[in-house]
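*Asks:* Here it is, the structure, as structure tokens.
The values are calculated or read from the model by the stated rules, or taken from the named source; none is laboratory data. No experiment lies behind these values; they were computed from the predicted model shown. Methodologically, a virtual Cβ is constructed for each residue, glycine included, from the backbone with ideal geometry; neighbour enumeration extends over all protein chains shown.
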């Protein structure tokens, strides 16, 4: 049985590490939940295992590409808002690009979960208190995520 990642974030630097590991994770709207009473936001994602790709190198036909289910939760969440996310469509697929914290004027922290297609979930929290843990075994992915790189060089 493979040993998965288990990470905790208590500051911006820690959250940047979790963000890097969750880059290109895919999920569906139905895999998010917010408990106002417990002040907990949780989500399940299918995380691309970038760290394994680096070990294995490029392989033919995606044979070395892997994903793994991962749970991620944020504690001390005061409110959750979303933009460009069809919340009633529980099967709507989202691709996580980054997790970015921002200190607010009131002393709280906004944690933005930034997805492709300008979709964002904003968590307003008292402080950064997040964790991520792989669940289960890795499974083959069809291909590794690709990103268009913009060339800003002038002629």
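*Asks:* Any residue at all in the range 50-64 that's in contact with a helix residue (DSSP H, G or I) (Cβ under 9 Å, 6 or more places away or on another chain), closer than 19 Å to residue 19 by Cβ and at pLDDT below 95?
*Replies:* Yes, the range 50-64 contains a residue that is in contact with a helix residue (DSSP H, G or I) (Cβ under 9 Å, 6 or more places away or on another chain), closer than 19 Å to residue 19 by Cβ and at pLDDT below 95.
*Asks:* Somewhere in the range 90-97, is a residue closer than 17 Å to residue 130 by Cβ, part of a strand (DSSP E or B) and at pLDDT 95 or above? First the steps, then the outcome.
*Replies:* Here is the first cut: in the range 90-97, the ones closer than 17 Å to residue 130 by Cβ are 96-97.
Those still in the list that are part of a strand (DSSP E or B) too: 96-97.
Keeping just the survivors that are at pLDDT 95 or above gives 96-97.
So far as the range 90-97 goes, yes, one or more of its residues are closer than 17 Å to residue 130 by Cβ, part of a strand (DSSP E or B) and at pLDDT 95 or above.
*Asks:* Name every residue in the range 98-108 that is over 20 Å from residue 38 (Cβ atoms) and not in a strand (DSSP E or B), in order of residue number. Please lay out each step first, then the result.
*Replies:* Of the range 98-108, the ones over 20 Å from residue 38 (Cβ atoms) are 98-107.
If the condition is that a residue be over 20 Å from residue 38 (Cβ atoms) and not in a strand (DSSP E or B), then 104, 105, 106, 107 are the ones that fit.
*Asks:* Moving to a separate point now. What number of residues within the range 114-155 satisfy the criterion of being in a strand (DSSP E or B), modelled with pLDDT under 95 and under 25 Å from residue 17 (Cβ atoms)?
*Replies:* 4
*Asks:* Against the definition (within 20 Å of residue 8 (Cβ to Cβ), modelled with pLDDT of 95 or more and either assigned to a strand (DSSP E or B) or out of contact with any helix residue (DSSP H, G or I) (no Cβ under 7 Å at 6 or more places or on another chain) (or both)), how does residue 111 come out, yes or no? It would help to see each step written out before you state the result.
*Replies:* Values: within 20 Å of residue 8 (Cβ to Cβ): yes; modelled with pLDDT of 95 or more: yes; either assigned to a strand (DSSP E or B) or out of contact with any helix residue (DSSP H, G or I) (no Cβ under 7 Å at 6 or more places or on another chain) (or both): yes.
In short, yes.
*Asks:* Mind listing just one residue for me: the one in the range 83-107 that is under 11 Å from the mean Cα position of the chain (by Cα) and farther than 12 Å from residue 27 by Cα and, of those, surrounded by the fewest Cβ atoms within 10 Å (Cβ to Cβ)?
*Replies:* The initial filter retains those residues of the range 83-107 that are under 11 Å from the mean Cα position of the chain (by Cα), namely 94-100.
Then keep just the ones that are farther than 12 Å from residue 27 by Cα; that gives 98-100.
On the way: 98: 14, 99: 24, 100: 16.
Per the criteria, the residue is 98.
*Asks:* Return the only residue of 110, 116 being surrounded by 15 or more Cβ atoms within 10 Å (Cβ to Cβ) and either touching a residue at least 60 places away in the same chain (Cβ under 8 Å) or at negative phi (or both).
*Replies:* Details: 116 fails: surrounded by 15 or more Cβ atoms within 10 Å (Cβ to Cβ).
Unique residue meeting the criteria: 110.
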